[in-house]
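Each reported figure results from applying straightforward, stated rules to the coordinates on display, with no laboratory input. Because the structure is predicted, anything quoted here is derived from the model rather than measured. Heads up, the Cβs are rebuilt from the backbone with ideal geometry, glycines too, and the neighbour counts pull from every protein chain shown.
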Amino acid sequence: MSVFKLILINLGRNKRRTILTMLSVVVALFLFCALRGVLDTLEASIKVGSETRLVTRNKISLIFPLPLSYRDRLAGIPGVKAVSYANWFGGRDPVDPHNFYAQFAVDATTYFPMYARDIEIVAGDPPQVQVAVPAGLDPKLASFLSERDACVVGERLFKRMKWKLGQRVPVSGTIYPGTWTFTIRAVYRAKNPAFGEETMLFHWKYLSEKGMGGQGTVGWYALELSDPSRAGAVAHQVDAIYESSFAPTRTETERAFQAGFVSMYGNVPFLIGVIGIAVVFAILLVAANTMMMAARERTAEIGVMKTLGFEDGMIFKVVLSEAAIITLGGGLIGALFAKWLIESSGFNAGGLLPPMTVSWATVTIGIAIAVLMGATSGLLPAWQASRLSIVDALRRVD
Amino acid sequence: MAKVDVQNVRKVYRREAEEVVVLDGLSLRIPDGDYVALMGPSGSGKTTLLNLIGGIDQPTSGDVVVGEVNIAKLRGRELSRWRARNIGYIFQLYNLIPVLTAYQNVELPLLLAKMSSKDRTERAKYALEVVGLADRQKHYPRQLSGGQEQRVAIARALVSDPAVLLADEPTGDLDRKSAADILSLLERLNSEFQKTIVMVTHDPHAAEHAKRQLHLEKGVLQAS
């Protein structure tokens, strides 16, 4: 037997209590890490956006469109290397309305080259007729490019829905009413995990023709810059051009644009943080109470150990170690389980957010909290046990 | 040479504003290899004197010299280490750790010694052999009779080979047969292993097993 084994034996003397205390720490740290995971995910969603791209949208609100006619003028602004544009479609799965995934109408010939660093095409239907694929586009997009109602879907969505290439997928329009049917012609994989793989991309031209009666309005423009250091100047120039037009613009970096979405959550991130800390604090009190009860029940035994020659410091270490093992063990299980469960679930709010993640920083903070919890909950009983006079301790039974 | 030399010891407990004098200028010499029974009515200071000799309590004044060491001057870690090396303590209610087996209970004091696991095992097994419980090593205290529990407690007191054994009413919670066994064992430890034994008891029959009987009355030694 070693002192460590003695500690383990002590932990096993009331297995139910030890397991329940550890489980409470597991739950606390799981919740803490899961809640912080939400914050991590929101933070990651900001990072989806690039600092080298600008987004130009209607100054009033994102829900108001911009004319397509802005495209050529934007492309002519010095410092703008390429322009693409897209619309939010907002369709629903007609079979299962709760099965939400994002759909965007994009200008394929400019969109895919612009986002080549973020996504790659991993599968594509061979074209029925020979099609010339424009430079900068993956040849696997040939079939998609040649069909008006074709779409490209994220690999994860593709697998989750058990779709096949060539399958026709119905989508109920909400902003653009009616049932829309898209043919899956290619599948993309996110090179940047934060981009997500739960999105459907289809031709903007199809949306324009079927949904807007040929009216050329776009949700937003994406501008790729030749010199990212001039982002501020270019954004200012764009907004200045359209300041007095019927559709004034607001231009910002893609990252700031994403951050704007996050800011719409208002104080939710703060509340999430507070709830996480409150949960940990509540469990800390429970753990501290349990440790004190456990130490108190052994008052006479501690007196005996001291009589045998165990020093105060050793008693302190034994009692503190018991608390530390419970909280550190529970903390490790809770934090790592949260990371594993949440990341393997791949939840991404239907593509509105990157796949939910619990960062290693959060896991580390969780484990640090568990250590702190162990120290805080174990310190008082350990100190009391170490300070206990032998005569007083033995008197409680003799 | 005296193994235990208690010189002019006074022990005063404070209960709220009141001072209770438990030992009042007590002096006592116990030679090496002696076996002393301390008797006296409840509250006479027997256990207090035993605790002072064992270094688990400190005198208000006076000296307690055990071997060459005045333990009244020792504090904290020094005193704990001294206790681990020099004193074996036997309690009335055995005070075994319920979650440890008989063997683990006996091995417990050896965790404090710089000793290999093999040596610890040998010594713990030997101590259990001495008390006649070699076949009960893996039994937990709840699986043993009172007499057996007390014998495990004696093995625990014995295992670090202390010169002095202190027993506080070691037969007080036992039936007559078990008590007789324990008293025989203590006699054997005194005669065969030359342990100096100080035993507190109320029982005159138990006291008869000791070489000497001392009587305490209101903190003062009556006769030796």
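Once you've got the GNM for chain A with C-alpha springs shorter than 10 Å, pick whichever of A:Gly276, A:Gly79, A:Gly309 has the biggest mean-square fluctuation.
Judging by the Gaussian network model, the answer is A:Gly309.
Give the Cα extents of the protein assembly as shown along the principal axes, in whole Å, largest first.
The principal-axis extents, from largest down, are 120, 50, 37 Å.
How big is the antiparallel share of DSSP beta bridges in the protein assembly as shown, given as a percent to the nearest 5?
Approximately 65 percent, going by the DSSP bridge assignments.
Arrange the following residues from fewest to most other Cβ atoms within 10 Å of their Cβ: A:Phe32, A:Phe257.
A:Phe257, A:Phe32
Quick one: among B:Asn190, B:Asn95, B:Asn51, which has the greatest mean-square fluctuation in a GNM of chain B with alpha-carbon springs under 10 angstrom?
B:Asn95
Counting only helical runs of four or more DSSP H residues, what would the 222 nm mean residue ellipticity of the protein assembly as shown come to if each run contributes -39,500 (n - 2.57) and the total is spread over all its residues?
Counting only the DSSP helices, I get -14500 deg cm²/dmol.
Which value, in nm² and rounded to one decimal, describes the direction-averaged projected area of the C-alpha convex hull of segment B:19-88?
Average of the hull's projected areas for segment B:19-88 equals 5.3 nm².
Of the residues A:Ile326, A:Ile63, A:Ile184, which exhibits the maximal mean-square fluctuation in a Gaussian network model of chain A defined by a 10 Å Cα contact cut-off?
Sorting by GNM fluctuation, first place goes to A:Ile63.
When we measure straight from the Cα of B:Lys11, which lysines land under 29 angstrom away, once same-chain ones fewer than 8 places off are left out?
Here the lysines satisfying the reach criterion relative to B:Lys11 are A:Lys306, B:Lys3, B:Lys46, B:Lys73, B:Lys195, B:Lys211, B:Lys218.
For segment A:60-247, what is one quarter of the convex hull surface built on the Cα atoms, given in nm²?
So the mean shadow area of the Cα hull is 11.5 nm².
If the cut-off is 12 Å between C-alpha atoms, which aspartates and glutamates fall inside it for A:Lys205, apart from same-chain ones fewer than 8 positions away?
A:Asp107, A:Glu147, A:Asp149
For segment A:164-285, what class follows from the C-alpha gyration tensor (a ≥ b ≥ c being the square roots of its eigenvalues): rounded when a/c is under 1.5, otherwise prolate if a/b is larger than b/c, else oblate?
Oblate, because a/c is 1.5 or more while a/b does not exceed b/c.
Could you name the aspartates and glutamates whose alpha carbon sits less than 19 Å from that of A:Lys162, not counting residues in the same chain fewer than 8 places away?
Of all the aspartates and glutamates, those that pass the test against A:Lys162 - Cα under 19 Å, at least 8 places apart if same chain - are A:Asp93, A:Asp96, A:Asp125, A:Glu197, A:Glu198.
Could you list A:Trp360, A:Trp88, A:Trp220 in order of exposure, starting from the residue whose Cβ has the fewest other Cβ atoms within 10 Å?
Ascending Cβ contact count within 10 Å gives the list A:Trp360, A:Trp88, A:Trp220.
Where q = 0.08, 0.15 Å⁻¹, what log10 of I(q)/I(0) comes from the Debye formula for segment B:2-223, counting one point per Cα?
Debye intensities relative to I(0), on a log10 scale: -0.28, -0.97.
Just to be sure I understand: of the beta bridges DSSP finds with both ends in segment B:2-223, what percent are antiparallel, rounded to 5?
Here the share of antiparallel DSSP bridges comes out near 55 percent.
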